[in-house]
Amino acid sequence: MGSMKELLFEMQEERANKWITLNYPEAEEGTPEWDTAVQEYSWFKDWME
């Protein structure tokens, strides 16, 4: 069961990274811009739900 949970987490992370690179192409992982993009993605996901 743990591997399925890991797979789902990886898929969610990949989806988030794709969204971020499309919407924040200048953001680099580990920067404040990346953190802002992650927060925006979270808000976007909440809005979509």
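Side notes on the structure shown:
- Average accessible surface for the chain: 89 Å² per residue, computed with a 1.4 Å probe over protein heavy atoms with every protein chain in place.
- The residues packed around Leu7, meaning those with a beta-carbon under 12 Å from its beta-carbon, carry a net charge of -3 if Lys and Arg are +1 and Asp and Glu are -1.
- Against the main long axis of the alpha-carbon atoms of the chain, helix 32-48 sits at an angle near 60°.
- Rounded to 0.05, the FRET efficiency of the Lys45 and Glu10 pair, given R0 = 22 Å and the Cβ-Cβ distance, is 0.85.
- Carbon and sulfur %, accessible surface of the chain computed with the full protein complex present, 1.4 Å: 56 percent
The values are calculated or read from the model by the stated rules, or taken from the named source; none is laboratory data. What you are looking at is a predicted structure, and each value in this text was computed from that prediction instead of being measured. Cβ atoms come from the backbone with ideal geometry, glycine included; neighbour counts cover every protein chain shown. Heavy atoms of the whole protein, side chains included, go into the accessibility calculation; ligands, DNA and RNA do not. Shrake-Rupley method; radii C 1.70, N 1.55, O 1.52, S 1.80 Å.
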